[in-house]
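Colleague: Here it is, the structure in full.
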Amino acid sequence: MTSFNVRTLDAASGRAIISDYAAHVLSWVPTGGQEVIWTPSTLRFEEGQHLGGGVPICFPWFGPGFTHGHQTAKNPIHGFARARNWRFDEQSFTGDHARFILDAAQLQPGDAPWLDDEPASDFRAVYDVTLGGGSAVAEPQTAASGVHVPPESANGSPVIVSVPSRSLPSQSLPSQSLTMALTVTNTGDEPMTFEAALHSYLHVGDLDGARLSGLEGATYLDATESGFPPKTQDTSEVAFGDFEVNRVYYSDASLELHDDVLGRTIHIAKSGSPQTVVWNPGKAGGETMSDTRPDAAEWRGFAAVEAAVCRDKAVILAPGASHTLSQTLTVA
């Protein structure tokens, strides 16, 4: 029977919640602000299944995978990392930082190898989540003091957790930020190839008032059309609405997600990422999203903006080499 632990970072600059399962960021609320990370109205913790919303870690492949110039058909979509228990590093845990570790020893049968021509896939993945701006206000928490989600019910059904809206008291603090950094090291004796993305579901008041800037002139692959035809972003902003948006942009630029409804801008910086994935399922796909209320149009409350290394930009690590993929969010 599996139990699920949820860790809380509580600093002067804000509060974040991360699950050991999948090392999944579930919430970030800057002090004096509103929720930045979108999750569905119900979260289902079920072993072997991914969590909805939040910031899933896509690894070691993105989507159905891509190798030798061709899309593959791997399962699960976006890799196994978002459906595995990561090891929580109690020694490094403070009020503003948490670390989670996944390595080859924690894999399940069938996880590796994920590429037929790379039979040895030994790695160590370290995921650091850090709150910036001001020192921590809480004492460092031990593993036992994290929020504990009960195991599956007696009949084996998944644990269901309702997620309330969240806000924190207002304080005047500089540089309120959330940084998520995934560092993958090749611990084997042969080169290792992987794809990855930090699949951030960013909360907006409504899609009609959401605009993403910073990608004008960038080439992107349009995944809403057969063959992923390359196109150019010919306007200053990416718009959202009832239509699906599913694009892989070739850009390492910092971005801004403007939200006219909530009256804020989410600044999105990244490193180790030559691509940005932008996604919202639109009305047709949104109405079939799991864990959401069909009558509430919850899909209108997020825009996914993801730091990525995928498809032809997959990382090839020499033995002993590392690569860090990171994303930092700030709010103004």
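The values are calculated or read from the model by the stated rules, or taken from the named source; none is laboratory data. None of these values were measured; they are calculated from a predicted model. Please note: Cβ atoms are built from the backbone with ideal geometry, for glycine as well, and neighbour counts cover all protein chains shown. The protein model used for the area step is the full one, side chains on, heavy atoms only, and it has no ligands, DNA or RNA in it. Shrake-Rupley method; radii C 1.70, N 1.55, O 1.52, S 1.80 Å.
Colleague: If a residue counts only when it is in contact with an Asp or Glu (Cβ under 8 Å, 6 or more places away or on another chain), which strands (runs of 3 or more DSSP E) contained entirely in segment 1-75 have at least 2 such residues?
Modeller: Output list reads 4-11, 24-30, 42-45.
Colleague: Residues to consider are Glu306, Glu287; find the one that is closer than 30 Å to Glu190 by Cα and of a type outside the set (Gly, Ala, Ser).
Modeller: Glu306
Colleague: Can you report the number of residues in segment 220-241 which are more than 23 Å from the chain's Cα centre (by Cα) and open to solvent by 20 Å² or more (accessible area, probe 1.4 Å)?
Modeller: Here the count works out to 10.
Colleague: Is it the case that segment 43-63 has a residue that's basic (Lys, Arg) and either out of contact with any strand residue (DSSP E or B) (no Cβ under 7 Å at 6 or more places or on another chain) or at pLDDT below 95 (or both)?
Modeller: yes
Colleague: Right, Val261: touching an Asp or Glu at 6+ places or on another chain (Cβ under 7 Å), at pLDDT 95 or above and among the hydrophobic types (A, V, I, L, M, F, W, C) or not?
Modeller: Yes, satisfied.
Colleague: Hey, another quick one. Give the number of residues within segment 255-274 that are in a loop (DSSP other than H, G, I, E, B) and in contact with a Lys or Arg (Cβ under 7 Å, 6 or more places away or on another chain).
Modeller: Of the residues in segment 255-274, 1 are in a loop (DSSP other than H, G, I, E, B) and in contact with a Lys or Arg (Cβ under 7 Å, 6 or more places away or on another chain).
Colleague: Looking at segment 95-113 only, could you name the residues that are modelled with pLDDT under 95 and either closer than 17 Å to Phe59 by Cα or among the β-branched types (Val, Ile, Thr) (or both)?
Modeller: Of everything in segment 95-113, those that are modelled with pLDDT under 95 and either closer than 17 Å to Phe59 by Cα or among the β-branched types (Val, Ile, Thr) (or both) turn out to be Asp103, Ala104, Ala105, Gln106, Leu107, Gln108, Pro109, Gly110, Asp111, Ala112, Pro113.
Colleague: Tell me the residue from Thr292, Thr288 that is more than 23 Å from Cys310 (Cβ to Cβ), in a loop (DSSP other than H, G, I, E, B), hydroxyl-bearing (Ser, Thr, Tyr) and open to solvent by 40 Å² or more (accessible area, probe 1.4 Å), please.
Modeller: Result: Thr288 is the single residue among Thr292, Thr288 that is more than 23 Å from Cys310 (Cβ to Cβ), in a loop (DSSP other than H, G, I, E, B), hydroxyl-bearing (Ser, Thr, Tyr) and open to solvent by 40 Å² or more (accessible area, probe 1.4 Å).
Colleague: So, one more: Quick check on segment 190-210: of everything there that is open to solvent by 40 Å² or more (accessible area, probe 1.4 Å) and out of contact with any Gly (no Cβ under 9 Å at 6 or more places or on another chain), which residue is farthest from Glu244 (Cα to Cα)?
Modeller: Glu190
To keep it simple, each residue is scored yes or no on (1) of a type in the set (S, T, N, Q); (2) open to solvent by 10 Å² or more (accessible area, probe 1.4 Å).
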position: Leu257; (1), (2): no, no
position: His267; (1), (2): no, yes
position: Ala308; (1), (2): no, no
position: Thr328; (1), (2): yes, yes
